[in-house]
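Inspection log for the structure reproduced underneath, given as structure tokens.
The values are calculated or read from the model by the stated rules, or taken from the named source; none is laboratory data. Please read these numbers as outputs of a predicted model, since none were measured by experiment. Glycine also receives a Cβ, built like all others from the backbone with ideal geometry; neighbour counts cover every protein chain displayed. Only protein heavy atoms, including side chains, enter the accessible area calculation; ligands, DNA and RNA are left aside. Shrake-Rupley method; radii C 1.70, N 1.55, O 1.52, S 1.80 Å.
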Amino acid sequence: MKRILRSAGFTAALTLALAGAGLTSASAASAADGETGSIKVCNKGAYVADFAVNNKWVSAFPVGQCKTAKIEPGTTGEVDVTMSKYTGFWWTGFWRTAAEGGPNWSTINTRKAPANQDTCYEVGGTTFYAWETTTAC
């Protein structure tokens, strides 16, 4: 019985992965046809993350969650994507957000992304060693 359930779970996961791959290429194609894209960041780190697209902050989100921001219509060329982590190392200003320049926020990295495509990133690590990488949407 366990073998049948594992097999069914694997088949369902494979089907969803293949369906997602088809959706990804379709969304990338539509974004390349003149529409603006989006930026998605997934937090795999042991901290609260936040990100900004052209200095417009999204909102903080905990580990295991993803946030997506649509790029503003009419934006051409590239956008700046700044990914930050909440360190919690200072005793003052802990209530301030990354957008407000709170002292507890530290930049992980800043990347350039095409404005007309969907781009996905993943952040991870700890407050002492954080990393980011580009991933498939």
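Would it be correct to say that THR97 is of a type in the set (S, T, N, Q), modelled with pLDDT under 90 and open to solvent by 50 Å² or more (accessible area, probe 1.4 Å)? So THR97 passes the test. Summed over the range 101-130, residues that are surrounded by 14 or more Cβ atoms within 10 Å (Cβ to Cβ) and either within 13 Å of CYS42 (Cβ to Cβ) or in contact (Cβ under 8 Å) with a residue 24 or more places away in the chain (or both) total 20. The number of residues in the range 61-88 being part of a loop (DSSP other than H, G, I, E, B), in contact (Cβ under 8 Å) with a residue 24 or more places away in the chain and within 11 Å of the chain's Cα centre (by Cα) comes to 0. Within the range 33-48, the set of residues being open to solvent by less than 50 Å² (accessible area, probe 1.4 Å), at pLDDT 95 or above and over 12 Å from ALA115 (Cα atoms) comprises VAL41, CYS42, ASN43, GLY45. Selection of the range 54-94 for residues being modelled with pLDDT of 90 or more and touching a Gly at 6+ places or on another chain (Cβ under 7 Å) yields VAL63, ILE71, LYS85.
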